[in-house]
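Working notes for the structure below.
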């Protein structure tokens, strides 16, 4: 049963995930700066790749908290994509959408796709062009997600106050 207290606990957890997202994006910025300054060894490309993987990981934790709290069911297959899709849905009388803008959802799906790719690289180097494209998507997501997060948290607090 959702209560004012459980809503407030969720918002506190999401705030923590958001802070971790920002911390990881700062690490990513430092790693990407090295690439822009001329670092080109495959190991140099690994640093932004790893941080992008971690950035998506914390976003997925955030999304899972929301999904579990509101008892949104995920299919067994392709649940990662379904989770992102869920975050774009407003469920009337239940919860607001987090990723209200389709382009924000698309950026999250790009990060998911990259995370899947990096987890299955077995013996290959990261492709600089692909990594650059995903880096641009992550930077755009990072510019826009704080506002979406703030609106979402505000709506959750309003729901909590109504209980």
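FYI, it's all coordinate maths here, none of it is from the lab. Not measured: the values here are computed from a predicted model. Cβ placement follows ideal geometry from the backbone for every residue including glycine, while neighbour counts extend to all protein chains displayed.
Before moving on, here are some points about what is shown:
- Three-way shape label, the stretch 77-120, alpha-carbon gyration tensor, a/c 1.5: oblate
- Stretchable slack from residue 73 to residue 1, in nm (0.36 nm times residue separation minus alpha-carbon distance): 24.3 nm
- When the helices of the chain are scored as -39500 (n - 2.57) per DSSP H run of n ≥ 4 and the total is divided over every residue, the value at 222 nm lands at -26500 deg cm²/dmol.
- Taking 0.36 nm per residue of sequence separation and removing the Cα-Cα distance, the residue 9/residue 33 pair yields an extension gain of 5.0 nm.
- The structure shown yields Rg/Rh (Cα atoms, Kirkwood Rh), and of the options (1) 1.01; (2) 1.41; (3) 1.24 that calculated value carries the label (1).
- Each part reduced to its alpha carbon centroid, the stretch 86-163 and the stretch 54-81 end up 11 Å apart.
- Here r is the Cβ-Cβ distance between residue 64 and residue 124 and R0 is 30 Å; the resulting FRET efficiency, rounded to 0.05, is 0.55.
- The simple spin-label model puts a point 7 Å past each Cα toward its Cβ; for residue 157 and residue 82 those points are separated by 3.3 nm.
- Fewest-first ranking of 69, 21, using other Cβ atoms within 10 Å as the exposure measure: 69, 21
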